[in-house]
Amino acid sequence: MRLSAGFSLDSGHSITEKGKLIIVSGAPRANHSGAVVFLRKQEEASTMLMSEHILEGPGLASSFGYDVAVVDLNGDGVAKPSQVYFGGRIRGMSAMKTEEEVGSLIEYEFRVINLGKPLKSFGTASLNIQWPKESSVGKWLLYLMKINTKGLQLVTCSPEREINPLRLSEESTSTRRKRELEERRPSDGSKVSLFTDKRKHKILSCSGDARCVEMKCPLQGLDSTAVIVLKSRLWNSTFLEDYASYNYLDIIVKASISLDVSANNIVLKNAETQVRLTVFPETTATPFGGVPWWIILVAVLAGILMLALLVLLLWKCGFFKRAKKDEYDAAIHKAEIHTQPSDKLSTEA
């Protein structure tokens, strides 16, 4: 296939191989349908480029490769904190007035990096988040309070009705500081033991036991790097009612980038990612959650064995050997003989 690469250019690291610089070049006239070519250096010190991969256009006169851009959804999306706990007492939804009454605070952070040209010249890029809103029976899992951004224009994610639908009051500054201090102190209640004989685990994801809603956040004005932060609360009452018997649960949140353009000439690197949140129940039971039955059995058998060995040792030493009656009488008679001289001296005196 004849290529006329170089009509449009962009570059990025780790597109096809981690750490490697890749040149992305558009060839809209290639084979009358267009193409996008991935080029890399033949050697580290070489100035020659070689073709590594070619994306062909969808059809004749499609001008595929007329312009190219490289976008990266960083795979280091995180939940802060990555582990939370649920406990206390169950509260009804109508009793919720403030966000701290719902449960533990979790902030999901997604970082989007534009390795090439500003996206506004191509179309509208969006970050799409699969948000695990409810359990399979319709109870709250993660309550979305707010969405903030860094490095972008004012972003309005949709549907807006999914953001703080109960209109709960936000956490005050004084309450936030108090919570941060409490989080730094060691907890009085013991956590669930890691040494139980069988751990009960469950994964809550959009493809499994969670009902999800897609939050779409347009990345308007994304020139370099942007961070999207979703502030949420773990719905404590749901986990107390339905998941208290589990040792821990994992909640999966997935995100992906999409571009609302007709041309298929945008290279999306790491276009999907997922974030895992681990949830533990709190308990005030013994520090290690009880001793497994087999440990008790082994301890009892070991005690019986040691006692048997001790009895055997004493028996070998003659501790349990009784003297015969004749030997006992002879010993008494011998003692009487030894005491007679002293008795005679006492009489003469």
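Summary of computed values
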item: Identity of the residue in the stretch 212-230, crowded, with 19+ Cβ neighbours inside 10 Å and within 20 Å of the chain's Cα centre (by Cα), that ends up nearest to I163 (Cα to Cα); result: L230
item: Single residue of S245, S205 found to be farther than 29 Å from L154 by Cα and over 18 Å from the mean Cα position of the chain (by Cα); result: S245
item: Residues of the stretch 95-113 classified as modelled with pLDDT under 90 and open to solvent by 20 Å² or more (accessible area, probe 1.4 Å), total; result: 3
item: Among (1) more than 17 Å from V84 (Cα to Cα); (2) at pLDDT below 85; (3) surrounded by 11 or more Cβ atoms within 10 Å (Cβ to Cβ), the one test that D209 misses; result: (2)
item: Qualifying residue in the stretch 260-273 (condition: out of contact with any His (no Cβ under 9 Å at 6 or more places or on another chain), at negative phi and at pLDDT 75 or above); result: yes
item: Single residue of A125, A61 found to be more than 21 Å from W235 (Cα to Cα), at pLDDT below 90, open to solvent by 60 Å² or more (accessible area, probe 1.4 Å) and not charged (D, E, K, R); result: A61
item: Tabulated pairs, the stretch 280-297, first closer than 28 Å to W235 by Cβ and of a type in the set (D, E, K, R), second modelled with pLDDT of 85 or more and open to solvent by less than 100 Å² (accessible area, probe 1.4 Å), C-beta under 6 angstrom, 6+ apart or interchain; result: E282/Y85; E282/G87
item: Restricting the stretch 131-161 to residues that are outside any loop (DSSP other than H, G, I, E, B) and polar (S, T, N, Q), the residue that is most open to solvent (accessible area, probe 1.4 Å); result: N148
item: Any hit, the stretch 143-151, residues being touching a Phe, Trp or Tyr at 6+ places or on another chain (Cβ under 7 Å) and modelled with pLDDT of 75 or more; result: yes
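The values are calculated or read from the model by the stated rules, or taken from the named source; none is laboratory data. Remember, it's a predicted structure, so these values are computed and weren't measured experimentally. Cβ sites come from the backbone with ideal geometry, for glycine too, and all protein chains shown count toward neighbours. Side chains included, ligands, DNA and RNA excluded: accessible areas come from the protein's heavy atoms. Shrake-Rupley method; radii C 1.70, N 1.55, O 1.52, S 1.80 Å.
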